[in-house]
Amino acid sequence: MRILELANLAPESFYLFGTLLLLLFGAFRSGSYQNTNLPRFFNVIRLGYVSMLLTYYILLLNNSRNDMFLAYSFFHITPVFSLWIQLVTVLFIILMLFTFKLPASLKNFEIIILIAIVHLGMTLMLLSNHFLLLYLGLELQTLAIYVILALNRHSVLTLEAAIKYIVLSAMAGGVYFARGSFYLFSKPAQCFFLIFNCCR
């Protein structure tokens, strides 16, 4: 029964495995390209990622999921809200990938994989019904943002911004996890959002 419930997470599973395949393809094929062909390889990865994004959103539209709880209530699907948020995010990512002018030194396939990981973290935060899953989605998102901030290693300003962001988010994450660990060990049932709201 739980396997059938997890089948409702097919769009998210497709997006996760598609990101991993793009990462493996980029890692194994980028070495075979010369420096002059790296922008062409970047365009190949970009087109692959955009087609994966559009397929993911089509799967979301075709997967008729009502308001449901999955995997021992760790995931909560709210279809209308999730679809609108995902639509805005997908359109923004596609617009950013094709309109934002990147320097030639930053046209690496890694930046597309990092954007995909940020989107994965946001999706996990949208689906989570538990404090721990929300924290994992938040950390997955921010770890990729750290790398995007410090991608231009030749600029002192970007490195300074990345270090400040790491310090501030580590402090905020520590406060969040210290507060959440109290509920996790003392009142584990109240770590679920809906139960937590009912018990306040």
Lone qualifier among 65, 46 - being surrounded by 15 or more Cβ atoms within 10 Å (Cβ to Cβ), farther than 20 Å from residue 114 by Cβ and either of a type in the set (Lys, Arg) or modelled with pLDDT of 85 or more (or both): 65
Answer residue from the range 68-91, given it is part of a helix (DSSP H, G or I) and more than 29 Å from residue 111 (Cα to Cα) and is modelled with the lowest pLDDT among those: 79
Set 178, 161, 144, 116: member being on the phi < 0 side of the Ramachandran plot, among the small types (Gly, Ala, Ser) and exposed (fewer than 12 other Cβ atoms within 10 Å of the Cβ): 178
Matching residues, the range 92-136, being part of a helix (DSSP H, G or I) and in contact with a Cys (Cβ under 9 Å, 6 or more places away or on another chain): 131, 132
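The values are calculated or read from the model by the stated rules, or taken from the named source; none is laboratory data. What you see is a predicted model; the values in this text were computed from it and never measured. Ideal geometry is used to build each Cβ from the backbone, glycine not excepted, and the neighbour counts take in all protein chains shown.
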